[in-house]
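Everything on this sheet refers to the single structure shown next.
The values are calculated or read from the model by the stated rules, or taken from the named source; none is laboratory data. Bear in mind that the values here come from a model prediction, so they are computed numbers and not experimental data. Because the Cβ atoms are built from the backbone with ideal geometry, glycine has one as well, and the counts that use them run over all protein chains shown.
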Amino acid sequence: MSNRYSNCSGLTSVTIPSSVTSLGEWCFEDCPKLEKAIFLGKLPQNTISCGLQSTCIFYVPKAYLQDYKDALGSKYSYIYASKDSESGEQKPNERCAVPTISYTDGKLTFASATPNAEYHYTITDTDMASDAYSKDGVVKLSAAYNISAYATADGYEPSDNATATLYWVEANLQNTTTNINQTATRGIIVTSNDGIVTLSGLNNDETVRFYTVDGKQLGAAKAVNGAASQAVSESIVIAKMGNQTIKIAVK
(Lines give C-alpha, C1' and ligand atoms only; values in the text may rest on other atoms or scores of the structure.)
Protein backbone atom coordinates (compact mmCIF):
# COMPACT_ATOMS: atom_id res chain seq x y z
CA MET A 1 0.00 0.00 0.00
CA SER A 2 1.43 3.38 -1.02
CA ASN A 3 1.53 6.64 0.96
CA ARG A 4 -1.46 8.14 -0.86
CA TYR A 5 -3.42 8.52 2.41
CA SER A 6 -0.95 10.89 4.05
CA ASN A 7 -2.29 14.37 4.86
CA CYS A 8 -5.94 13.18 4.67
CA SER A 9 -7.32 15.46 7.35
CA GLY A 10 -10.89 14.13 7.03
CA LEU A 11 -10.04 10.41 7.21
CA THR A 12 -11.54 8.84 10.37
CA SER A 13 -11.16 5.11 9.73
CA VAL A 14 -9.47 2.79 7.30
CA THR A 15 -9.93 -0.87 6.33
CA ILE A 16 -6.89 -2.86 5.22
CA PRO A 17 -7.88 -5.80 2.97
CA SER A 18 -6.40 -9.24 3.62
CA SER A 19 -4.69 -9.02 0.23
CA VAL A 20 -2.40 -6.22 1.51
CA THR A 21 0.88 -7.72 2.68
CA SER A 22 2.89 -4.51 3.22
CA LEU A 23 2.17 -0.86 4.09
CA GLY A 24 4.15 2.05 2.73
CA GLU A 25 6.27 3.86 5.28
CA TRP A 26 4.34 6.84 6.73
CA CYS A 27 1.41 6.17 4.39
CA PHE A 28 -0.98 7.46 7.07
CA GLU A 29 1.17 10.38 8.19
CA ASP A 30 -0.66 13.60 9.18
CA CYS A 31 -4.14 12.02 9.35
CA PRO A 32 -5.14 13.58 12.71
CA LYS A 33 -8.74 12.25 12.74
CA LEU A 34 -7.84 8.68 11.83
CA GLU A 35 -9.05 6.87 14.97
CA LYS A 36 -9.76 3.32 13.79
CA ALA A 37 -7.90 0.84 11.59
CA ILE A 38 -9.56 -2.44 10.64
CA PHE A 39 -7.25 -5.17 9.38
CA LEU A 40 -8.87 -8.06 7.51
CA GLY A 41 -5.86 -10.36 7.32
CA LYS A 42 -2.42 -11.12 8.63
CA LEU A 43 -0.18 -8.36 9.93
CA PRO A 44 1.22 -6.41 6.93
CA GLN A 45 4.91 -5.59 6.89
CA ASN A 46 5.90 -2.06 8.02
CA THR A 47 2.65 -1.52 9.94
CA ILE A 48 4.52 -0.08 12.93
CA SER A 49 6.03 2.62 10.70
CA CYS A 50 2.96 3.41 8.59
CA GLY A 51 2.25 6.67 10.44
CA LEU A 52 -0.90 5.72 12.38
CA GLN A 53 -1.15 7.70 15.60
CA SER A 54 -0.39 5.88 18.84
CA THR A 55 -4.00 6.48 19.98
CA CYS A 56 -5.43 4.68 16.93
CA ILE A 57 -7.63 1.68 17.73
CA PHE A 58 -6.76 -1.51 15.86
CA TYR A 59 -9.34 -4.21 15.07
CA VAL A 60 -7.71 -7.39 13.82
CA PRO A 61 -8.73 -11.02 13.10
CA LYS A 62 -8.92 -12.99 16.31
CA ALA A 63 -6.64 -15.66 14.86
CA TYR A 64 -3.82 -13.09 14.49
CA LEU A 65 -4.46 -10.95 17.58
CA GLN A 66 -1.31 -12.05 19.40
CA ASP A 67 0.82 -11.49 16.31
CA TYR A 68 -0.37 -7.88 16.14
CA LYS A 69 0.21 -7.32 19.85
CA ASP A 70 3.71 -8.80 19.70
CA ALA A 71 4.68 -6.60 16.75
CA LEU A 72 2.89 -3.36 17.62
CA GLY A 73 2.36 -3.45 21.39
CA SER A 74 5.36 -1.24 22.12
CA LYS A 75 3.73 1.63 20.22
CA TYR A 76 -0.01 0.95 20.09
CA SER A 77 -2.07 0.22 23.22
CA TYR A 78 -5.47 -0.36 21.65
CA ILE A 79 -5.39 -3.63 19.71
CA TYR A 80 -8.57 -5.73 19.80
CA ALA A 81 -10.02 -8.80 18.10
CA SER A 82 -12.63 -7.91 15.52
CA LYS A 83 -16.26 -8.79 16.00
CA ASP A 84 -17.41 -11.39 13.47
CA SER A 85 -19.93 -8.98 12.02
CA GLU A 86 -17.45 -6.11 11.84
CA SER A 87 -14.33 -7.44 10.22
CA GLY A 88 -11.76 -10.19 10.29
CA GLU A 89 -10.92 -12.42 7.39
CA GLN A 90 -13.94 -13.51 5.46
CA LYS A 91 -14.96 -16.93 6.65
CA PRO A 92 -15.59 -19.53 3.96
CA ASN A 93 -19.18 -20.58 3.59
CA GLU A 94 -20.19 -23.80 5.27
CA ARG A 95 -20.34 -26.77 2.95
CA CYS A 96 -23.61 -28.38 2.00
CA ALA A 97 -24.17 -31.72 3.67
CA VAL A 98 -23.16 -34.62 1.43
CA PRO A 99 -26.35 -36.06 -0.07
CA THR A 100 -27.61 -39.58 0.44
CA ILE A 101 -28.61 -41.61 -2.60
CA SER A 102 -31.52 -44.05 -2.50
CA TYR A 103 -33.89 -45.85 -4.81
CA THR A 104 -37.47 -46.52 -3.74
CA ASP A 105 -40.71 -47.14 -5.61
CA GLY A 106 -39.06 -46.71 -8.98
CA LYS A 107 -37.51 -43.34 -8.09
CA LEU A 108 -33.86 -42.40 -7.65
CA THR A 109 -33.73 -39.94 -4.74
CA PHE A 110 -31.13 -37.55 -3.36
CA ALA A 111 -31.43 -35.97 0.10
CA SER A 112 -29.21 -33.53 1.99
CA ALA A 113 -29.47 -32.25 5.56
CA THR A 114 -28.83 -28.72 4.23
CA PRO A 115 -32.12 -26.80 3.81
CA ASN A 116 -33.27 -26.05 0.26
CA ALA A 117 -30.46 -28.06 -1.28
CA GLU A 118 -30.42 -28.76 -5.01
CA TYR A 119 -28.63 -31.67 -6.63
CA HIS A 120 -26.19 -32.13 -9.48
CA TYR A 121 -25.65 -35.69 -10.61
CA THR A 122 -23.92 -37.88 -13.14
CA ILE A 123 -25.00 -41.40 -14.10
CA THR A 124 -22.77 -43.65 -16.15
CA ASP A 125 -23.53 -47.10 -17.49
CA THR A 126 -20.67 -49.35 -18.56
CA ASP A 127 -23.09 -51.20 -20.83
CA MET A 128 -23.61 -48.12 -22.99
CA ALA A 129 -22.36 -48.87 -26.49
CA SER A 130 -22.63 -47.52 -30.01
CA ASP A 131 -21.61 -49.45 -33.11
CA ALA A 132 -19.76 -51.93 -30.87
CA TYR A 133 -18.44 -55.27 -32.10
CA SER A 134 -18.87 -58.82 -30.82
CA LYS A 135 -17.19 -61.70 -32.62
CA ASP A 136 -19.33 -64.46 -31.09
CA GLY A 137 -22.53 -62.44 -30.68
CA VAL A 138 -22.46 -62.60 -26.88
CA VAL A 139 -22.51 -59.41 -24.81
CA LYS A 140 -22.20 -59.61 -21.04
CA LEU A 141 -24.19 -56.83 -19.34
CA SER A 142 -23.32 -55.42 -15.94
CA ALA A 143 -26.87 -54.32 -15.13
CA ALA A 144 -25.43 -51.47 -13.06
CA TYR A 145 -25.42 -47.67 -13.08
CA ASN A 146 -22.66 -45.70 -11.38
CA ILE A 147 -24.08 -42.56 -9.73
CA SER A 148 -22.27 -39.47 -8.47
CA ALA A 149 -24.09 -36.51 -6.89
CA TYR A 150 -23.33 -33.35 -4.95
CA ALA A 151 -25.56 -30.74 -3.32
CA THR A 152 -25.66 -26.95 -3.56
CA ALA A 153 -27.66 -24.31 -1.69
CA ASP A 154 -27.64 -20.53 -1.40
CA GLY A 155 -25.02 -19.43 1.12
CA TYR A 156 -23.22 -22.78 1.13
CA GLU A 157 -20.20 -24.22 -0.62
CA PRO A 158 -20.98 -27.27 -2.79
CA SER A 159 -20.88 -30.54 -0.91
CA ASP A 160 -18.41 -33.31 -1.50
CA ASN A 161 -19.50 -35.98 -3.98
CA ALA A 162 -21.60 -38.90 -2.89
CA THR A 163 -21.26 -42.06 -4.95
CA ALA A 164 -23.43 -45.15 -5.30
CA THR A 165 -24.16 -47.99 -7.69
CA LEU A 166 -27.66 -48.89 -8.80
CA TYR A 167 -27.89 -52.62 -9.54
CA TRP A 168 -30.77 -54.10 -11.47
CA VAL A 169 -31.58 -57.49 -10.00
CA GLU A 170 -34.37 -59.99 -10.36
CA ALA A 171 -37.42 -58.93 -8.38
CA ASN A 172 -37.72 -60.80 -5.10
CA LEU A 173 -41.50 -60.78 -4.89
CA GLN A 174 -42.97 -61.40 -1.48
CA ASN A 175 -46.34 -62.37 -2.90
CA THR A 176 -47.18 -64.34 -6.01
CA THR A 177 -48.92 -62.13 -8.54
CA THR A 178 -50.20 -62.35 -12.07
CA ASN A 179 -50.33 -58.57 -12.44
CA ILE A 180 -49.00 -57.93 -15.92
CA ASN A 181 -47.70 -54.53 -14.73
CA GLN A 182 -45.50 -56.12 -12.07
CA THR A 183 -41.88 -55.49 -13.06
CA ALA A 184 -39.53 -58.45 -13.26
CA THR A 185 -36.57 -56.48 -11.89
CA ARG A 186 -35.93 -54.07 -9.08
CA GLY A 187 -33.25 -51.50 -8.35
CA ILE A 188 -30.91 -51.87 -5.39
CA ILE A 189 -28.70 -48.90 -4.45
CA VAL A 190 -25.35 -49.79 -2.90
CA THR A 191 -23.15 -47.25 -1.11
CA SER A 192 -19.99 -47.78 0.87
CA ASN A 193 -18.19 -45.30 3.08
CA ASP A 194 -15.57 -45.80 5.79
CA GLY A 195 -16.12 -49.56 5.74
CA ILE A 196 -19.93 -49.37 6.05
CA VAL A 197 -21.86 -50.99 3.20
CA THR A 198 -25.51 -49.94 2.83
CA LEU A 199 -28.14 -51.37 0.49
CA SER A 200 -31.41 -49.54 -0.10
CA GLY A 201 -34.45 -50.38 -2.20
CA LEU A 202 -35.00 -53.60 -0.24
CA ASN A 203 -38.25 -55.04 0.97
CA ASN A 204 -38.86 -54.27 4.63
CA ASP A 205 -37.60 -57.10 6.87
CA GLU A 206 -35.67 -58.58 3.95
CA THR A 207 -32.41 -60.13 5.17
CA VAL A 208 -29.09 -59.43 3.46
CA ARG A 209 -26.15 -61.70 4.19
CA PHE A 210 -22.60 -60.53 3.59
CA TYR A 211 -19.73 -62.84 2.58
CA THR A 212 -16.07 -62.63 1.68
CA VAL A 213 -15.16 -63.57 -1.87
CA ASP A 214 -14.10 -67.01 -0.60
CA GLY A 215 -17.52 -67.66 0.97
CA LYS A 216 -16.98 -66.80 4.65
CA GLN A 217 -20.05 -65.13 6.12
CA LEU A 218 -19.31 -61.74 7.65
CA GLY A 219 -22.74 -61.00 9.05
CA ALA A 220 -26.36 -60.37 8.22
CA ALA A 221 -28.67 -57.37 8.42
CA LYS A 222 -32.43 -57.06 8.20
CA ALA A 223 -33.83 -54.16 6.16
CA VAL A 224 -35.51 -51.33 8.04
CA ASN A 225 -37.33 -48.74 5.94
CA GLY A 226 -35.92 -50.50 2.89
CA ALA A 227 -32.25 -50.26 3.90
CA ALA A 228 -29.72 -52.57 5.52
CA SER A 229 -26.11 -51.85 6.55
CA GLN A 230 -23.08 -53.88 7.55
CA ALA A 231 -19.60 -52.89 8.76
CA VAL A 232 -16.90 -54.82 6.89
CA SER A 233 -13.10 -54.74 6.77
CA GLU A 234 -12.65 -56.45 3.39
CA SER A 235 -12.07 -54.53 0.17
CA ILE A 236 -14.61 -56.67 -1.70
CA VAL A 237 -17.71 -58.34 -0.25
CA ILE A 238 -20.63 -60.31 -1.63
CA ALA A 239 -24.13 -59.29 -0.58
CA LYS A 240 -26.78 -62.00 -0.94
CA MET A 241 -30.55 -61.45 -0.89
CA GLY A 242 -32.40 -64.71 -1.38
CA ASN A 243 -30.94 -66.16 -4.57
CA GLN A 244 -29.59 -62.79 -5.78
CA THR A 245 -25.99 -61.71 -5.19
CA ILE A 246 -24.12 -58.43 -5.67
CA LYS A 247 -20.35 -58.03 -5.65
CA ILE A 248 -19.38 -54.80 -3.87
CA ALA A 249 -16.10 -52.85 -3.85
CA VAL A 250 -15.83 -51.34 -0.36
CA LYS A 251 -14.50 -47.78 -0.02
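Given Cys31, Cys56, which one is at pLDDT below 90 and of a type outside the set (Ser, Thr, Tyr)? Talk me through it step by step, then tell me what you get.
On the way: Cys56 fails: at pLDDT below 90.
Result: Cys31 is the single residue among Cys31, Cys56 that is at pLDDT below 90 and of a type outside the set (Ser, Thr, Tyr).
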Suppose we filter the range 209-226 for residues that are surrounded by 11 or more Cβ atoms within 10 Å (Cβ to Cβ), within 29 Å of the chain's Cα centre (by Cα) and not in a strand (DSSP E or B); how many remain? 2
Quick test for you: out of Lys36, Lys42, Lys69, pick the one residue that is modelled with pLDDT of 90 or more and touching a helix residue (DSSP H, G or I) at 6+ places or on another chain (Cβ under 7 Å). Lys42
Kindly indicate which of Val138, Val98 is surrounded by 10 or more Cβ atoms within 10 Å (Cβ to Cβ), in a loop (DSSP other than H, G, I, E, B) and among the aliphatic types (A, V, I, L, M). Val98
Which one is surrounded by the fewest Cβ atoms within 10 Å (Cβ to Cβ) among residues in the range 234-251 that are outside any strand (DSSP E or B) and among the charged types (D, E, K, R)? Lys251
Could you go through the range 115-124 and let me know if any residue there is more than 21 Å from Ala227 (Cβ to Cβ), loosely packed, with under 14 Cβ neighbours inside 10 Å and more than 24 Å from the chain's Cα centre (by Cα). no
Residue among Ala149, Ala228 that is modelled with pLDDT of 95 or more, within 14 Å of Tyr103 (Cα to Cα) and not acidic (Asp, Glu): Ala149
Name the single residue, out of those in the range 24-46 being assigned to a strand (DSSP E or B), free of Cβ contacts under 8 Å to residues at least 40 places away in the same chain and closer than 11 Å to Phe58 by Cα, that is nearest to the chain's Cα centre (by Cα). Ala37
